[in-house]
């Protein structure tokens, strides 16, 4: 049984997976094959990219980051989710997929805008707005069912990539907290930052020496230079309602 199963390989699901996987939780992302962000011709409002960035290139980098964190991926679509034991949600959940074997996970993050029909058996509290259904959540993305969370647009968050990434991260942290896993913090301090003040390095933090800092910076620059060395040739995916006659 997996610790966490994330339904949806878009921005919010990928962000959540980075946090849960880095905390040591066995994390599986079930990817439907295409994020809605792949329809974007240019991602413009994301901090850190002054002139914008190709949305497909951005998704590629975030997936690579999730894999580096330890998350695994499976291509498919979840069709139904239900408890292993109706009387004890601590036993986790069973996810049925279209063609694959059923999957079991202790916790489920729904990040699959705009598909949430598979959640109907769980009665998580879906809210209909026009032709779409959202999922009602608390501040940490927790639904009415213990162990089931929702992230990003599905959880009524604004339709912006940076908001989806932030909310997915927040939900991932809620899962880490609820599972009592070792929290991973991205505060990596220079050697002596804590210890030279006679303080222990806080849980989830670490100190690194200058050699390690330079090595990390070199690897980060290498990764980004390679990623942006050539044009990203994949075209944006059109909305399904648009007929491509070219």
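Just a few scattered comments:
- Relative contact order of the chain, pairs being alpha-carbon contacts under 8 Å that are 6 or more residues apart, as %: 21
- Per residue, the convex hull volume that the Cα atoms of the stretch 102-175 enclose (Å³): 90
- Gained length - residue 98 relative to residue 208, 0.36 nm times residue gap less alpha-carbon distance: 35.0 nm
- Taking all Cα-Cα distances within the chain, those exceeding 26 Å account for 43%.
- The alpha-carbon atoms of the stretch 1-75 define a convex hull whose volume equals 79 cubic angstrom per residue.
- Computed over the stretch 185-246, the quotient of the alpha carbon radius of gyration and 2.2 N^0.38 Å is 2.06.
- The packing ranking, built from the mean of other Cβ atoms within 10 Å per residue, places the peptides 176-182, 129-135, 165-171 in the order 165-171, 176-182, 129-135, highest first.
- Under the simplified labelling scheme, the residue 34-residue 160 pair shows an inter-label distance of 2.6 nm, with each label point 7 Å from Cα along Cα→Cβ.
- FRET E, pair residue 187, residue 49, Förster distance 35 Å, beta-carbon r, rounded to 0.05: 0.90
- Alpha-carbon centroid distance for the pair the stretch 8-45 / the stretch 185-226, whole angstrom: 25
Coordinate-derived values only; no laboratory data. Since the model is a prediction, treat every value here as computed from it, not as a measurement. Ideal geometry is used to build each Cβ from the backbone, glycine not excepted, and the neighbour counts take in all protein chains shown.
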